[in-house]
Structure formats: C-alpha cells, structure tokens
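Take a look at the structure below.
The values are calculated or read from the model by the stated rules, or taken from the named source; none is laboratory data. Nothing here was measured: the structure is a model prediction, and the numbers come from that model. In this analysis, Cβ positions are derived from the backbone assuming ideal geometry, glycine residues included, and neighbour counts consider all displayed protein chains. For accessibility, only protein heavy atoms count, side chains too; no ligands or nucleic acids. Shrake-Rupley method; radii C 1.70, N 1.55, O 1.52, S 1.80 Å.
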Amino acid sequence: IGGNGGNAGAAALQRKCMEREYACAVVGVPKSIDNDILVIDKTFGFDTACQEGVKAINAAYVEASSAFRGVGLVKLMGRQSGFIALQSSLASGEVDVCLIPEMKFDLDGDSGLLRHIERVVEAKGHCVVVVAEGACQENFASTEGKTDASGNPILQDIGRYLKEKIAAHFSEKSRKKVDLKYIDPTYMIRAVETNTSDKIYCYVLAQGAVHAAFAGFTGITVGMVNTHTAYVITISLPLSLSVTIASLESPNIR
C-alpha cells in the first residue's frame, strides 16, 4: 500500500520473487494524496485531502475579504502534481490564482503574478492565491535535480518564498500596501480521519487486491481506471509501469 515509493518497493519484491521462483502474490494498492500514480484515476486519500484543503482556502478567503486590501496565500501539498491545489481551488470557488508544478509562471513584469495580484486587489478589494508545494521550483537552482532517500525531489519552501516576494512588492513606495495572510496546513490535510468517499473506496480497493491474489495474479496494481472500480473490473497495471512516471495535471484540457 503506497504511492510511487511504496509501489516501487512492491515491484522490487515482485522481481525477487520471480528470480527465486517463490510463490507469492504481490498486489499494489495505490495510496497517495497527491493523486499522482500513472493510469489510476484516483488514489484513496485524495478526496479527504481536497476536503481539508478547501477549509484552508476558505479560511484564507475570510481573512483576505475581511481585511482592507487583503491577500490570502495558501500552500498545499503536491510535489510534482497539482491535483490537490487545483481541485481544492475549484471546489472552494474563492481562488483568484492557482499555481501548480505543471505550469511555469513569471513573478515580475506586467503579465507576472505580482502585477496580477495587484490588479485583482484593485478590482475586488482582496485576492486569494493557492500554490502547490512543487510549483516554481525552477527558481531555486540550489536543489535542482537533488532527491531525498525515497527518490522524491528536494523542494524549497515556495510558500514562504512567495510570501516574501508579495510583501516586498507591495512595500514599495509607489504601491499601496496589502494585508497579507499566509496559511500552510502542511500535514493537517492528510493527518485527519478519511471522509466517507475515501472509506468506501478503501474497502473496494482492499477487496479487489484480495480477490486478485486469490485468483493467482501477481505484480499488479488494483485501482479505478476510466471510472471502473476494482470490484467491477480488475485492472492489471504492471507495478513497474505505475511507478515510472508521475501522473500530472493537464492544464490545457478544457
């Protein structure tokens, strides 16, 4: 049970079992709140994470809209994929800017983020910005290409970086000041009890995994693909494929 790292471990176990001709069923169950496992429609925990993300966004909206020229900045999880930030933003309905790792953006210039925030504040009186933790990492050359022990890219704190940039931008004498509030729920969005949707989905995945093992399948991942859940159709996704490439948000799809 796990994300890219957990499934990579399962794939390694599967290879060893095959090498030693050891009769053992290895079945992966996709678990990643980032929802970034290739081919799988949705991983369990994602719905709960988005639900908690909306709470953080709504708190930022209340703070920003209640203040004079308020700006609410929220950082949510999402190393390489911006699914949590994007879906939480859409569900909230209060977000003016959503920044995800899949899309590069400029900070400065007339078409940059800072000028856009300025225009939104002038028009609405407040602005809410949501950023995924993996966004804008190209601005930090010090950690480029580096990974941790699990193989995940080492990230700089984009939330604090944007907070400092926004504060500096509106501190210039030629600009009106803003009341900036920064919210970083960190692990709070995944350290909560799962919602009903995720609980039911977990039961479905667990049953699908057990049925696959009893049927003699090994080296596969069970999950939801094209809206079909494991108890309807057992999807045989090779473990090695599911961990090769992270699933990414497609920002150009309408």
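Report, ordered by chain and residue number, the lysines lying within cross-link reach of K124, taken as a straight Cα distance under 23 Å and ignoring same-chain residues fewer than 8 apart. Leaving aside lysines fewer than 8 places away in the same chain, those within reach of K124 are K55, K75, K163, K165, K173, K176, K177, K181. Across all C-alpha atoms in the chain, the radius of gyration and Dmax reach 20.8, 73 Å.
Among 194-205, 40-51, how do they line up by average Cβ neighbours within 10 Å per residue, starting with the highest?
Output ranking for 194-205, 40-51: 40-51, 194-205.
For the Cα atoms of the chain, what angle does the longest principal axis make with the long axis of helix 113-124, in degrees from 0 to 90, nearest 10? With rounding to tens, the tilt is 70 degrees. Under the convention that each Lys and Arg Cβ holds +1 and each Asp and Glu Cβ holds -1, the size of the dipole of region 1-89 around its Cα centre is about 160 debye. In order along region 191-201, the Karplus-derived 3J(HN,Hα) couplings, from 6.51 cos²θ - 1.76 cosθ + 1.60 at θ = phi - 60°, round to 9, 10, 5, 5, 7, 5, 4, 5, 4, 5, 4 Hz, and Gly and Pro are given as x.
Take the chain with all the other protein chains still there, run a 1.4 Å probe, and you get 53 Å² of accessible area per residue. Taking a straight Cα-Cα cut-off under 17 Å and skipping sequence neighbours fewer than 8 places away in the same chain, the lysines within cross-link reach of K31 are K42, K199. A straight chain from A215 to E21 at 0.36 nm per residue would run longer than the Cα-Cα distance by 68.0 nm.
Using 0.36 nm per residue and subtracting the Cα-Cα separation, the extra length available between V39 and A91 on full extension is 16.4 nm. Its DSSP H runs of at least 4 residues, each contributing -39,500 (n - 2.57), put the calculated 222 nm mean residue ellipticity of the chain at -12000 deg cm²/dmol, to the nearest 500.
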